[in-house]
Structure formats: C-alpha cells, structure tokens
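The values are calculated or read from the model by the stated rules, or taken from the named source; none is laboratory data. Just so we're clear, the structure is a prediction, and the values are computed from it rather than from any experiment. No Cβ is skipped: glycine too gets one built from the backbone with ideal geometry, and neighbour counts run over all protein chains shown.
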Amino acid sequence: MNLQKLTLGFLYLSFALSANAAKKSINLNFMQQNLHYLHKEIQIEPSFEYVNLKGPKFVGVNGYEEIGVDTRISTSEYFKQLSWSQSVFPALAGGGVGHGTAFYVGSNLILTNKHVAQTTYHARECGKFEIDVAFPFKEKITCKEVQYCSMEYDFCLLEMNNFKNGDSLDEHLPAFPLKDTKNINDIESVYAIGNAVNFGIQGSKASKVYREVINNNFVQELELFIHYAPTFGGSSGSPLIDQNGDVIGINFAEKIYRAGRFRAEVGDKFYNLAVPMDIILKELRENVPSAYAELGQSKKEFIEVDQLLETLKSVKSVIYSENEFKKLLSTVGKNDDIFNLKTFAENQQIEFQHLKTDQRINEAIKFLLKSRITLKELFIDNFNLIIKATQKDIIKNKRRYQSVRNSCQNNNYIIKSIDGCVFKEMFRLVYLNFVSQFAIDKSQKEQLWSALVNTAFKSKKNKLYYPDDQINKLFINHAFKEITPLQYFVDCFVKTTEKFKEFSIKSCIQHSESILANYQFELEDRDLLEEFNFTMKYHRGLSTIVEKFKYNVTSMPFQCAFRNKKCKERNYKRLLKNWGYTREISDKKLSEMMKVLLKFHRRF
C-alpha cells in the first residue's frame, strides 16, 4: 500500500498543472470525434441538419492553438453533448495554479480528480477550488467542504456553496446518473466532456473502453478503465459518458510516457486512463453514506434532444418564413457590392417568445444560432464565405475566364462595370449548388439570383476583373490553397510505375501537370508549370511529409518469409499508420498507395 501511495503521489504531482502542460493523447485508430467546443465557434449549416465546430490544436513545443481543428456532426449529436455540458464545468484547482474539469452529481456535490482538487482527505481543505457554471446563467461557485478523497484512486467528492441568489445547485443543474460498472469489462464507445487546455468545455468521442489492472512505473495494481476519447491537459476530471448519458468513469491520466518525462504524442500506442464508476460508488457508499445518499438528487432533468430538435424546427419555420425572405431580398437589392452584402443597421432578430420554451432550451438554441440569426444573416454569412472561396473557380480554366472577361469588356465598353457580366456568366452553377442547402422554393431561388446579378452589375469595384499579368499569380495561389502538400504527395505517389527504394519530391515533379488537371486547373503555358514545380520542390510542408514517409515507411525493415504478400501488406499497413497521415487520406487512395508499395518498393 505504501508503494501504491508513493507512486500515486508522484502521478498526482506530475498532473497537477494540467492546463498548460504539453499533454495530449490521441489514438487515431479509435477516435470518432476530435475535441470540439460546445459553447463557442459554432456554425449551423443552412439545412439545419449539421453543425460545424472548432476545437483546439496541439502544435508541439509551441503549445496549443485555440482554434485549429474542424469537426462536423449532426445537429442531434451536438444537442446531446450540449445538454450534458450543462453539468460539466471548468475547475480552478485548489492550489489556484492549475485547471481541470468537474461535473455535477446531485444536491450540492461535484466529482473531480484528486490532483485537480489538490487536497487531502484528512485536511478537507477547499483551497481556491471553484467551478464556472454556464447554464442557466454564468457564475463562479466556490467550494464549501471536501466530503471525500480516495486514498488509492484519483477522485474527490466536493460539496459546493450555493448560487449567489441563495439557490442550491439542484435548483438549476441536472445530476449525472452514475452507472455501477461492476462486472462491465468492455464498453463499445464513450464520450468525454471537459475543459481541455482551459479553453472552455469541449466534447470528444472514441470507440472501445475496457478494464485492466495497471501495473507500471506510476500505478501499482490498480484496476482502471482504458479509453481513447481525445484529451488535452485540462481534461482531468472529465466524466466519461456512455451512449445513454450515464457516467462510467472519471478521466485522470494518459499513457504518454517517454524517455523519463511526459510529452505530447499522437499515435496508435497511446490511451487514456479513467477511474471506473463502480470503484467510486463503492468507496463513497462505505466512507460517506450520507453524501452517497444525495447522489442523483436534483430538481432538474437533462434537456431532451427531441425537445431541442422540435424547438429548432419551429425556429427554422420562422427563419424561412415569407416575411424573412422579403427582408433578405430587400437587403441584397440595396447593396452595390456582391462581395460585401451589408446587413445595414436593422439588426432585426427572430423572436422566440411565442415558442413557450424554458430558459435552458432558449439558451441552447441561442448557443447554436449565435443568439441573433435571421435568414438574412444565415444567407449573407454563408454567401460571403462561398463567393470568396469560389473566386478561384473562375480562373481554373484560364482560357474560359479570359474569353468571358474579354466578351464582357467588349460588350460593356468600360472595365468598371465588368463584375455583373462575369458573375452572371460564371457563377450560376456555384450559386445553385450553394442555395440548394436553404429551405426556400424554386421561385425564391430565382428571385435571389436575379437580385444578386443586379447587385453585381451595380458594382464598381472590379473584383472579378483580372488583367493578364495577374492571372498566373492567382492561378498558382489558388492551386496551392486547393491542393494540399499531402494531396499532392499522395496523388503523385500512386502514379509511380517504376522500382524505387526511397521516394523523393523529384519523383513528383513529372506528374504535376496531370495532378493539376485532376483538380480542374487547366495549364496553357510552361511558365505556370515551372513556377508550380519550383514552389513544390522547396515547400516545407511537403518536405516534412516526404521525410516522415522515408523515415517511417520506406526505411523501416521487416521480415516476411518467402516474400509473403499478406505479411508485407500487414507490415506496410502498420508502417503507414506510424507515418501519421493516414486518417487524412481516403480508403481508396490508401489502397492505391499499398499497391505501389507492394509492387514497386525495393526494401533491400
């Protein structure tokens, strides 16, 4: 037991300053959803069926970018996680110098890690421990008393003070149901909701949870859950939640130990550790029976996803009403710049009062709709993004653009009125693809198109007029934006038809023209191709990809008796995973890469 305590003490100390520590555990084999914010950086698609979310990104020794990861999930999936997030809080550690996560379990009680609480069972000292509540209003809640901290496992039960208005926590917060996981050894998938990097509450999801007795340099003979839900430093204390919304454990650590110190890693050997809920419940029942009896005691239930979806359906009908469409049409008609459709000072908002929903549902809808959305804002925000992003499409085919531009110039005599003509001739298909996401009928789509064309013809800014000396530069810039270094490498690699031992960037140059053609970039002169090749040859990102491919794939030895193809394929599959880019490549492309490796790569 003393050895257990000693090693756990070292573990707690290692994790105490979790918010800023360079810790991350991502296993791409089991990840289903990367970390994504639930209360910020939210953009609902015009169809209202999917939500685009952002998350923090680990950038090595430089720490974390607050915004760097994109996630797309269904609206119902988002609402499920948002509902759970009502009762998950950023937590300031008791020592006042670290951050983690805590979650509400009934009465005025919360659960968190012992290394987040930074206390001992005997002293029962709260220190500076506090939590940040977001629903139904923002408020900091301070710690009243430490009810229990485990001597062996990394968890504490803390009693918190009331809200400032005197209400107890159970007046406003739903309590997580705590699942007795005794005799449960495997769980199909799990969510983690937590305060990664102290950037705010985020969700993540992964497949596979299983129970194992851990015995290593840090933990001696402790029965724990191993899980793969992505976590960063600050996720300590996060609840692990199953598909039914039951908490099955508390996240507390990562298996990312290397060379005598903790460091951030992404790879197929890494996993996270959690204290199983049956162990927590057993200790609470035996040591603090009065507090145990208060678990689950709350006057509030979690918001039902069906309630939120039904409310959103009603809001959608208001947003897409005839009245809102007329406002959009009027706004488009009042402008003279197709690339900057101002909303003027009206700032009219959709009124939700008639929906007769409670405060928490209103808050949830506001999170999703950024508190201010109208059809006008929904259309213009998305149109501005799509129209700017698709400017590259009009010069992919340089010849067609020049023909349309010259025809427009000849017909209009003066360059300053060319925007409308080019827009009308070249953006019709772009517009139809874009507007198909909106719940408006065919007649309304045509009215909007006519209004946009008229607006473009009023433009005097010439954003669609490119002189010949600018076209090549734009062409190259757009090519590099659309064709990532990884896409370029994969596309050239699968074109390999000769034996090779190592693969270099020089091997790609010969395929550049056909790769550009795959992305509808039409090359008419050699200068463009030479400029493209020169830039790719010295592209740092491409060099990194190729060097890692050499180090992790083509230079790594393995043995297969009698050149057994299945053995070789199995080993190449393993090496490609170690390369680290396979999750960003389609299954079809990976299959094509495998064929090249099996057929043309000389290993000796």
Report task. Within the range 330-340, work out how many residues are in a helix (DSSP H, G or I) and in contact with a Leu (Cβ under 7 Å, 6 or more places away or on another chain). Result -> 2
**Report entry** Among (1) under 30 Å from K473 (Cα atoms); (2) free of Cβ contacts under 8 Å to residues at least 12 places away in the same chain; (3) aromatic (F, W, Y), the one test that F562 misses
**Finding:** (1)
Query - Entirely in the range 146-234, the strands (runs of 3 or more DSSP E) that have 2 or more residues that are not assigned by TED's automatic domain parsing to the domain that holds M277 - result: 156-160
Query - helices (runs of 4 or more DSSP H) wholly inside the range 387-504 containing at least 3 residues that are of a type outside the set (A, V, I, L, M) and in contact (Cβ under 8 Å) with a residue 12 or more places away in the chain - result: 398-412, 418-426, 428-435, 442-458, 468-482, 485-493
Requested in this report: Restrict the check to the range 8-24 and report whether at least one residue is part of a strand (DSSP E or B), within 18 Å of G194 (Cβ to Cβ) and modelled with pLDDT of 85 or more.
Outcome: no
Query - Residue under evaluation Q520, criteria (1) assigned to a loop (DSSP other than H, G, I, E, B); (2) modelled with pLDDT of 90 or more, criterion not met - result: (2)
Query raised in the report: For the range 360-383, what are the residues that are β-branched (V, I, T), at pLDDT 85 or above and more than 14 Å from Q86 (Cα to Cα)?
Result: T374, I380
